[in-house]
1. Looking only at 145, 16, 135, which one moves most when the chain is put into a Gaussian network model with springs between Cα atoms under 10 Å?
2. So what is the calculated 222 nm ellipticity per residue for the chain, using -39500 (n - 2.57) for each DSSP H run with n of 4 or more, over all residues, to the nearest 500 deg cm²/dmol?
3. About the Cα centre, and with charges only on the beta carbon of Lys, Arg (+1) and Asp, Glu (-1), how big is the dipole of the stretch 108-189? Nearest 20 debye, please.
4. So what J values fall out for the stretch 101-106 if you push phi through Karplus, 6.51 cos²θ - 1.76 cosθ + 1.60 with θ = phi - 60°, rounded to Hz, Gly and Pro as x?
5. Quick check on the stretch 1-78: take the gyration tensor over C-alpha atoms, sort the square-rooted eigenvalues as a ≥ b ≥ c, and tell me if it's rounded (a/c under 1.5), prolate or oblate.
6. Of 181, 146, 50, which has the largest mean-square fluctuation in a 10 Å C-alpha GNM of the chain?
7. Measure up 66/163; 18/163; 134/154 against 23 Å on the Cα-Cα distance and list the ones that go over.
8. Below 17 Å, Cα to Cα, which aspartates and glutamates can residue 99 reach? Residues fewer than 8 away in the same chain don't count.
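Any read-out appearing in this document is the output of simple, stated calculations on the displayed coordinates, not a laboratory observation. These numbers come from a predicted model, not from an experiment. With ideal geometry, Cβ positions are generated from the backbone for all residues, glycine too; neighbour counts draw on all protein chains shown.
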Amino acid sequence: MPLPSQWSTPDDFAALFKYFWHRDFPTNNVSVGARRVDWTIHIGLIVRSIGDLMGLATRFERGGRKDAVLRSREGDEIAIEWEWNDVYGNELAKLKKHKSWSPPEIQAKSLRFAAFASYAKSSDFEASREFVGKLWEGADWPLLLILVTYDFTKKFRTRRDFKDLNLFVYGPNGTRDLGSIPAAPWNLEATRWPIQLG
């Protein structure tokens, strides 16, 4: 029996991602040495945690070398890529061409959606969004874009001062803006994180 249509939606994934993003954040204002690999692992842990809460198995480096696939007993449900550099690499093309896996006894099906997490300089934010929108035209499933903006800094080892975590869904009816939140947990002043990470 397949998952209900309102289970594991892009909105669900986006809501969970933004909360898990701030949990176990790899850096703070004192410990500034997190590297690119720390952020890659951080997103992998987020994806696994989301899959766990959705009741889906997380398979890393699957289906034509996607970073991860969330899989139900019926087959692939969500394909996910994340990229440190920017949105202009081949990750979107891999997601758009994903060939879904299903057990032999179950008829092949389409993904529910794909998710792509990446970064953009604040000055390149709009151009990044436009590039994704154009590239995703004609896709067989929606795309959840998670785009973290940053400014250059010497304060952090990565040279990135994260500004906002932005969430968008690209689908057959256009683009939906799911909102934006501060990307650094110490900028969420009403939470406990500024005290813990300050």
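1. 135
2. -8500 deg cm²/dmol
3. Around 360 debye, computed over the stretch 108-189.
4. Residue by residue, the stretch 101-106 yields 9, 9, x, x, 7, 10 Hz.
5. Judged from the Cα gyration tensor, the stretch 1-78 comes out oblate (a/c at least 1.5, b/c at or above a/b).
6. Taking springs between Cα atoms under 10 Å, the residue moving most is 181.
7. The answer is 66/163; 134/154.
8. Counting by Cα, and skipping residues close in sequence, residue 99 has these aspartates and glutamates nearby: 61, 67, 74, 76, 77, 81, 91, 140.
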